[in-house]
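The values are calculated or read from the model by the stated rules, or taken from the named source; none is laboratory data. Not measured: the values here are computed from a predicted model. For neighbour counting, all protein chains shown are included, and Cβ atoms are generated from backbone atoms with ideal geometry for every residue, glycine included. Keep in mind that these areas ignore ligands, DNA and RNA; they rest on the heavy atoms of the full protein, side chains included. Shrake-Rupley method; radii C 1.70, N 1.55, O 1.52, S 1.80 Å.
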Amino acid sequence: MVISIFQNVLRGLALVAAGWVVFGPGPARAHPHVFVDGGVDFQITEDGTLEAIRVTWRYDELETLFLLSDLDVTPAAGADFTDSERALVERELGRFAPDFDGSVHLRAKGEPILLAWPRDLTARMVGDRLEVAFYRDLMEPLALEATELHAAFYERTYFFAFSLTDEPRFGEAEDRCSATITKFEPSSQTDEMRAALAKLGREETPENSNVGALLADRMVVTCK
């Protein structure tokens, strides 16, 4: 039987993971533990009202291994999930933990925007990485005309390191809205912070329970 490329990747990552367990904590096991690329799309009506956001995560290859191995799912090389695999992955990953952090934090006029619980999670494979996307409705729709919307992409404890890589979409207001993305820029202060975080094991949490906000990629959305 020909072993798929994906299976080879999984085996290789499993060996690396085993090495981390054998040799103890180090850079690979330090904070952050999971790396996620992705972004956020804005469901904006024609009259400029933000009603919901769509969040996209692409897990790193190692976390993809852990998640799919736990579900006993192994996609063929270069292929997406089968229908039954997709249903399983979406069902299980759609069960968000009670302390779910959200990864996208919105503010307007200096005030946080409250978001409903995630809904309608979808999953697919992008190369050897698992991608999921889900919606979060605003508890109260927000008129964006003449209002800057600030979005930060992070998880508070920095267990997950989120990187804002996807260009946003704006629903029915594509020609009226735009975004400026500011990537996190390290400094001597944040280098010291990250060095301290690197000493934490997988079960430990930072003293600063909102440290992820200090290391976040950010976006400002404006609409005409």
Sequence order, segment 155-172: Karplus ³J(HN,Hα) from phi using 6.51 cos²θ - 1.76 cosθ + 1.60, θ = phi - 60°, Hz rounded, Gly and Pro as x, gives 10, 4, 8, 6, 5, 9, 9, 8, 10, 7, 10, 9, 5, x, 10, 10, x, 7
Sparse-neighbourhood loop hits (trypsin sites (Lys or Arg not before Pro), segment 104-176; DSSP loop; Cβ within 10 Å at most 16 others) -> 109, 169, 176
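Relative contact order for segment 119-180: what percent, with Cα pairs under 8 Å and sequence separation of 6 or more?
Values: 31 pairs, mean separation 10.1, N = 62.
Relative contact order comes out at 16 percent.
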Sorted by chain and then number, the residues having a modelled amide H within less than 5 Å of the amide H of residue 158, at least 5 places away or on another chain, are 212
Counting only residues 5 or more apart in sequence or on a different chain, those whose built amide H sits under 5 Å from that of residue 102 are none
For segment 47-197, the percent of accessible surface on carbon and sulfur atoms (probe 1.4 angstrom, ligands and nucleic acids excluded) is 48 percent
Counting only protein heavy atoms and leaving out ligands, DNA and RNA, the solvent-accessible surface of residue 35 at a 1.4 Å probe, in Å² to the nearest 10, equals 110 Å²
Quick tally, 1.4 Å probe accessible area for 113, 181, 44, sorted with the most first, runs 181, 113, 44
Expected field for residue 157, accessible surface area in Å² at 1.4 Å probe radius, rounded to 10, holds 40 Å²
Calc'd 3J(HN,Hα), segment 98-108, phi into Karplus 6.51 cos²θ - 1.76 cosθ + 1.60 (θ = phi - 60°), Hz, glycine/Pro = x, comes to x, 9, 3, 8, x, 6, 10, 10, 10, 9, 8
Given unit charges at Cβ for Lys, Arg (+) and Asp, Glu (-), the dipole magnitude of segment 68-138 about its Cα centre in debye, nearest 20, is 360 debye
Amide H neighbours of residue 163 at under 5 Å, excluding residues fewer than 5 places away on the same chain, with H built from the backbone geometry, are 36, 37, 38
Simple SL model, points at 7 angstrom along Cα→Cβ for residue 96 and residue 140; separation in nm is 2.0 nm
Once all protein chains are kept in place, residue 125 shows an accessible area at probe 1.4 Å, nearest 10 Å², of 20 Å²
Quick calc: nm separation of the 7 Å Cα→Cβ label points for residue 183 and residue 84 -> 4.3 nm
